[in-house]
């Protein structure tokens, strides 16, 4: 789901280019950073998603956020830059239910390891 006025921007500028002014410099296609939006994400109004970003399955990106990193599955992130605020589901039973109902590729054990890495 996307709120209004969401921007997804995959390109960037090579700030060290010396061939010409930046406005004339063309970055090779293989230098563009991938953007990954997994299933079931919700991106709030006026958010910006930049190259290299990953929004995990079922994650929520709050309105007005700027995402330039990774947000784990089934978590909520907000801010500029976007930071993980908390898990969407606080109990193992809730997490098992959503994973089952959405035919997720994740297991509860995998998500717990990911959440541990993010400190949530």
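The values are calculated or read from the model by the stated rules, or taken from the named source; none is laboratory data. What you are looking at is a predicted structure, and each value in this text was computed from that prediction instead of being measured. All Cβ positions, even for glycine, are placed from backbone atoms using ideal geometry, and neighbour counts span all protein chains on display.
When 33, 90 are checked against the criterion of being modelled with pLDDT under 95 and closer than 20 Å to residue 120 by Cα, 90 stands alone in meeting it. Evaluated against (1) over 18 Å from residue 1 (Cβ atoms); (2) touching a strand residue (DSSP E or B) at 6+ places or on another chain (Cβ under 6 Å), residue 90 falls short on exactly one condition, (2). Test residue 45 against the criterion of being closer than 20 Å to residue 5 by Cα and more than 14 Å from the chain's Cα centre (by Cα), and give yes or no. Against the criterion (closer than 20 Å to residue 5 by Cα and more than 14 Å from the chain's Cα centre (by Cα)), residue 45 qualifies.
Across region 6-26, which residue is modelled with the highest pLDDT among those that are farther than 17 Å from residue 80 by Cβ and surrounded by 13 or more Cβ atoms within 10 Å (Cβ to Cβ)? Walk me through it before giving the result.
Here is the first cut: in region 6-26, the ones farther than 17 Å from residue 80 by Cβ are 10-26.
Subsequent filtering for residues that are surrounded by 13 or more Cβ atoms within 10 Å (Cβ to Cβ) retains 10, 12, 14, 17, 25.
Details: 10: 82, 12: 69, 14: 72, 17: 78, 25: 76.
By that ranking, first place goes to 10.
It is to be established whether one or more residues within region 65-87 are assigned to a loop (DSSP other than H, G, I, E, B) and over 17 Å from the mean Cα position of the chain (by Cα). The answer is no, given that none of the residues of region 65-87 is assigned to a loop (DSSP other than H, G, I, E, B) and over 17 Å from the mean Cα position of the chain (by Cα). For beta carbons closer than 7 Å, sequence separation of 6+ or different chains, a first residue in region 64-76 that is over 9 Å from residue 88 (Cα atoms) and a second that is at pLDDT below 95 and in a loop (DSSP other than H, G, I, E, B), the qualifying pairs are 68/52.
Among the residues of region 85-101, those that are under 13 Å from residue 59 (Cα atoms) and loosely packed, with under 15 Cβ neighbours inside 10 Å comprise 85, 86. Taken as a whole, region 59-71 holds no residue that is in contact with a helix residue (DSSP H, G or I) (Cβ under 7 Å, 6 or more places away or on another chain) and under 17 Å from residue 39 (Cα atoms).
I'd like to verify a number: residues in region 34-62 that are part of a loop (DSSP other than H, G, I, E, B) and either surrounded by 15 or more Cβ atoms within 10 Å (Cβ to Cβ) or at positive phi (or both), how many? Number of matching residues: 15.
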